[in-house]
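Right, one structure below, let's go through it.
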Amino acid sequence: MEIIKPASDKNDHQASSNLVTTSSGPTATLNALSYVQTRVVPLRAEHLERNRIVAYNKNSSMGGAFDLLRTQILRTMEENGWRTLAITSPTPEAGKTVMAINLAMSIAHHTTKTALLVDFDLRRPKVGKSLGLAMETSLNEYLSGEAELQDVLVNPTLPRFVVLPTREPVPLSTEVLSSPVVNHLISDLRERYASRVVIFDLPPLLSSDDVITVLPKFDCVLLVVANGANSTKEIEECLYHLATANLIGTVLNKGEPQNRSYY
């Protein structure tokens with residue numbers, strides 16, 4: 001994985017057991033958070049590993065690429081005062097959801113930021129399933145007016161990490177994403193905490209008009225491209241649609257790993 005397009009300036013145009021637990025040791029006090037209203041749901045390490053979620057263990061060398069991406073993205077977002085990041089891809093199976101989860105976890109490990117991950121792929125939601133979350137209530141209930149926001153948020157036992165999952169596909173997703181309810185939700189999530197970074201896992205850009213509908217509501221966007229799977233034409237079409245957005249970067253995913261050892 002590597003960033004193949006740097007951010008542009010718009011002014012110029014293994015856990016020791018199977019249960020993943022919170023931090024302990026000297027940094028525990030710094031990272032400790034109390035979730036009074038948010039449901040706390042434990043994660044299973046073996047499930048995360050099967051789904052290529054590696055950043056949950058901040059001491060794992062496998063999360064290094066996501067930590068580098070996190071640093072680059074946070075720097076650009078802080079410079080511009082951005083708080084909401086949308087993640088999309090040209091087509092399905094590019095790995096955008098895995099990217100979104102690992103990036104959010106890496107940000108949560110950052111001692112000055114909290115991360116909220118929202119599953120906005122309303123046609124094929126995967127965030128909750130990838131994390132192995134029980135989803136009795138989710139974004140589905142919030143959108144239908146059956147639950148309040150605090151009832152659908154989940155803390156997967158990692159400090160500074162909160163998830164808003166979607167349990168099942170949402171009918172008329174384009175209309176829902178352009179609704180006042182979604183407008184209010186995005187604004188509320190963005191403005192409630194100044195130190196929070198909100199990541200939205202969006203559908204593939206070229207699969208429907210969902211992304212084009214909702215994209216203007218976000219501060220910036222990250223494009224995830226699958227190595228060997230996305231054509232030059234598809235990438236160019238995406239860049240055309242993202243011309244007016246703050247494209248923070250393009251990530252080449254599923255590439256051959258590179259040995260970056262210092263020695």
**OP:** For a quick protection proxy, order the peptides 93-100, 52-59, 232-239 by their average other-Cβ count within 10 Å, most packed first.
**Re:** 93-100, 52-59, 232-239
**OP:** Determine ³J(HN,Hα), in whole Hz, for all residues of segment 179-195 in sequence, where each value follows from phi through the Karplus function 6.51 cos²θ - 1.76 cosθ + 1.60 and θ = phi - 60°; x replaces Gly and Pro.
**Re:** 7, x, 4, 5, 4, 5, 4, 4, 5, 5, 5, 6, 8, 5, 10, 5, 8
**OP:** Report, please, the projected area of segment 42-139 averaged over directions, based on the convex hull of its C-alpha atoms, in nm².
**Re:** 7.1
**OP:** Pull out the extension gain between GLU136 and ARG124, defined as 0.36 nm times the separation in residues minus the alpha carbon to alpha carbon distance; nm, one decimal.
**Re:** 2.5 nm
Subject >> Reachable aspartates and glutamates, given that their alpha-carbon falls under 20 Å from the alpha-carbon of LYS217 and they are not under 8 places away in the same chain >> reply: ASP9, GLU78, GLU79, ASP119, ASP121, GLU175, ASP188, GLU191, ASP201, ASP209
Original post:
Using only the Cα atoms, what convex hull volume per residue in Å³ does segment 109-165 have?
Top reply: 87
**OP:** Within the set of other residues whose C-beta is less than 15 Å from the C-beta of PHE161, count the net charge using Lys and Arg as +1 and Asp and Glu as -1.
**Re:** +3
Subject >> Label point 7 Å beyond Cα of GLU148 along Cβ direction - residues of segment 178-208 with amide nitrogen under 20 Å >> reply: 181-193
Original post:
For segment 58-204, what Kirkwood radius comes out of the mean inverse Cα-Cα distance, in Å?
Top reply: 15.6
Subject >> Positive minus negative residues near GLU191 (Lys, Arg vs Asp, Glu; Cβ under 14 Å) >> reply: +3
Original post:
When the chain is fully extended, how far beyond the present Cα-Cα distance does SER208 get from GLU237, taking 0.36 nm per residue of separation?
Top reply: 9.1 nm
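Computed from the coordinates by the stated procedures, all read-outs in this text should not be read as laboratory data. Since the model is a prediction, treat every value here as computed from it, not as a measurement. Because the Cβ atoms are built from the backbone with ideal geometry, glycine has one as well, and the counts that use them run over all protein chains shown.
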